Amino acid sequence: FSALRCGDVPDRFGQIEMLHLDVWWRGQNLLVDGGTYLYNGPGPWHDHLLRTESHNTVRVDGRDQMLHYRKFKFLYPTRARLLAFGERGSARWMTGEHLGYARHPGGCVHRRSVLMLGDDVWVVVDRVEGEGRHTARLHWLAGDFAYEYTGATLALATPRGRFTLTTLDARGEPLPGDVVAGQEDPPRGWMSRYYAEKVSLPSLVVTREGDGVIELVTVMGDARAAV
């Protein structure tokens, strides 16, 4: 199953994570949330795990979706809405969008569509649309498994089988990025599932620049994607 974070932010908000996606497969959490670690720990760690960069979503032009004003306070609460949610046969899908970047030059809107085919294949399409030239940074934080990264494919060796993520452009061409785990400065590739504990995990980042519309496609499942 999948869990997509999509909805308006009416008041206090835990983290800056709109359209974050968690994925569970064969009882295993394969795409994960980074957690919190410490409420009053070192600033770089608190900021990293709280902000958009550590979540499974898209960052635009190096900005967060909301402005982190104080430790537990944000300005410009993100507006979001669910556009589609349905199923037919073994296919299930959902689409949402948010306006967290719309206040900046270019008025960018991030829309994410998630398609599940049976229990073993996901297709995620991220679309950033605005005026002018922009940079989109797609991030996936994987679970605690042995991994390898070849070309544009991250392969996870799980106890219940091999699971791969392949990133593509809108034409289906491979879109390579980079993978790190347990990077200290600046922090990247960490999860804190329990308070005051953290473990290093593979963090995949893919960046794309474009005019008007930027699209990134991620195909994931129990076999390497071929388009």
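Scanning segment 33-50 for residues that are crowded, with 19+ Cβ neighbours inside 10 Å and either in a strand (DSSP E or B) or at pLDDT 90 or above (or both) yields D33, G34. Among residues of segment 187-214 that are basic (K, R), those with a beta-carbon under 7 Å from a residue that is open to solvent by 10 Å² or more (accessible area, probe 1.4 Å) at least six positions away or on a different chain give the pairs R188/V180; R193/G35; K198/Y37; K198/W190; K198/M191; R208/L175. Filtered by the rule that a residue be outside any loop (DSSP other than H, G, I, E, B) and modelled with pLDDT under 95, segment 62-81 gives L67, H68, Y69, R70, K73, F74, L75. Of the residues making up segment 54-73, just one is crowded, with 22+ Cβ neighbours inside 10 Å and basic (K, R), namely R59.
Filter the strands (runs of 3 or more DSSP E) completely within segment 83-190 down to those with at least 1 residues that are open to solvent by less than 40 Å² (accessible area, probe 1.4 Å) and within 18 Å of T57 (Cβ to Cβ). Once the strands (runs of 3 or more DSSP E) in segment 83-190 are filtered for at least 1 residues that are open to solvent by less than 40 Å² (accessible area, probe 1.4 Å) and within 18 Å of T57 (Cβ to Cβ), what remains is 91-98, 109-117, 121-141, 153-158, 161-168, 178-181. None of R160, R112, R133, R137 is among the basic types (K, R), closer than 16 Å to D22 by Cα and modelled with pLDDT of 95 or more except R112. Only a single item in (1) modelled with pLDDT under 95; (2) within 22 Å of V121 (Cβ to Cβ) is not met by D8, and it is number (2).
Kindly check whether there is at least one residue in segment 14-31 that is farther than 27 Å from G210 by Cβ, without any contact (Cβ under 8 Å) to a residue 24 or more places away in the chain and among the acidic types (D, E). Within segment 14-31, none of the residues are farther than 27 Å from G210 by Cβ, without any contact (Cβ under 8 Å) to a residue 24 or more places away in the chain and among the acidic types (D, E).
The numbered conditions (1) open to solvent by less than 50 Å² (accessible area, probe 1.4 Å); (2) over 30 Å from R160 (Cα atoms); (3) among the acidic types (D, E) are all true for D8 except (1).
The values are calculated or read from the model by the stated rules, or taken from the named source; none is laboratory data. All values reported here derive from a predicted model rather than from experimental measurement. As a convention, Cβ positions derive from the backbone with ideal geometry for all residues, glycine included, and neighbour counts pool all protein chains shown. The protein model used for the area step is the full one, side chains on, heavy atoms only, and it has no ligands, DNA or RNA in it. Shrake-Rupley method; radii C 1.70, N 1.55, O 1.52, S 1.80 Å.
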